[in-house]
Amino acid sequence: PAALARLMRKATGRTFTEYLRETRITEACRLLAETDESVTRIAFSVGFSNLSNFYRSFRRLKGMTPRAYRVMVRP
């Protein structure tokens, strides 16, 4: 695991956890823009097991809440 973590960090500049979180948020953004699924359902479907963690991660990466993102991309 330590060797994989070093390799991942060297190749991407991010830890595996950061990469996974960004990938999940990217998929959540796609679902928010393309579907009418609830934010809660999207959070769980992309792999977050805690809604608070999803909101915190989303806000950190996108600078807004998932609902605000949906309103912005779907006028």
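The values are calculated or read from the model by the stated rules, or taken from the named source; none is laboratory data. All figures in this text were calculated on a predicted structure; none of them were measured in a lab. Cβ: placed from backbone, ideal geometry, glycine included. Neighbour counts: every protein chain shown.
Within the group ARG41, ARG67, ARG30, ARG60, which residue is of a type in the set (Lys, Arg) and either at pLDDT below 95 or in contact with a helix residue (DSSP H, G or I) (Cβ under 8 Å, 6 or more places away or on another chain) (or both)?
Details: ARG41 fails: either at pLDDT below 95 or in contact with a helix residue (DSSP H, G or I) (Cβ under 8 Å, 6 or more places away or on another chain) (or both); ARG30 fails: either at pLDDT below 95 or in contact with a helix residue (DSSP H, G or I) (Cβ under 8 Å, 6 or more places away or on another chain) (or both); ARG60 fails: either at pLDDT below 95 or in contact with a helix residue (DSSP H, G or I) (Cβ under 8 Å, 6 or more places away or on another chain) (or both).
Just one listed residue meets the conditions, ARG67.
Looking at the stretch 12-63 only, could you name the residues that are at positive phi and under 11 Å from the mean Cα position of the chain (by Cα)? Before the answer, list the steps.
Residues of the stretch 12-63 at positive phi: 13, 47, 63.
Residue satisfying the conditions is GLY47 alone.
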